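Heads up: the structure comes next, in structure tokens.
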Amino acid sequence: MAYMTKSRHRRLILHKISPLCDLVATGIGGMLRRITSGTARPNQEKHCMRLTSLVLGAALGCVCLSAAFAQEEPQAVRQSQMKAIGQSMGALGAIAKGEKPYDASVVQASLETISANAKAFPDQFPAGTETGMETEAAPAIWDNAEDFRAKSDKLAGVADTLLAAMPTDQAGVGGAMKALGATCGDCHETYRLKR
């Protein structure tokens, strides 16, 4: 390897970082004007595009993360879970009433949704989430968390039992609705605020 003088070494370093220095000094807008007018050096264009890509990527990442964190609020999650359970009960109810024809895939998907959400539901009530987002959660949930969890687990258990012996017709779905409805009603009576 050839010996490199200090001055040559400095020039080499400056050559490598000067496009970035120019970019910092003139900003992205100034560099873009140089590139479009044809007065930019080849390295400046490459570095400007890299930096622009990094800045845009970081901004997009921040937007995505902030949306993810906003959706992770326990009140929003539990309201979403309860809405999914309600929609599943509505789908089962439509079959039980004869408004919709019996469809095994709808019944199965509804029971799976109820089971999964009922199992995860009690975890969405940490201390400090008693208010906000127009919650209908009664203070009794935090006062009697074990009973609340037991009632939610009971709903999941009823849904799992129904999945194991899947209703095969409209009458079977009607019976399933009675079992699920009684469990839902028992929990709502104690742990849901009346509006």
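A short reminder: the numbers here are calculations on the coordinates, not readings from a lab. Worth saying up front: this structure is predicted, and the values here are computed from it rather than measured. Positions of Cβ are backbone-derived with ideal geometry, glycine not excepted, and every protein chain shown enters the neighbour counts.
Couple of notes before you dig in:
- HN-Hα J in Hz across the stretch 92-100 - Karplus 6.51, -1.76, 1.60, θ = phi - 60°, x for Gly and Pro: 5, x, 5, 6, 4, 7, x, 6, 10
- Amide hydrogen neighbours beyond the local backbone of A137, cut-off 5 Å, H modeled: L193
- Take the Cβ atoms of S105 and A164, set R0 to 25 Å, and the FRET efficiency comes out at 0.90.
- Only the Cβ atoms of Lys and Arg (+1) and of Asp and Glu (-1) were treated as charged; on that basis the dipole of the stretch 129-195 about its Cα centre amounts to roughly 180 debye.
- Dipole-positive endmost among L180, G132, A116 within the stretch 109-195 (Cβ charges, Cα centre): L180
- In range of the label at H188: residues from the stretch 84-102 whose backbone nitrogen is under 18 Å from the point 7 Å along Cα→Cβ: 84-97
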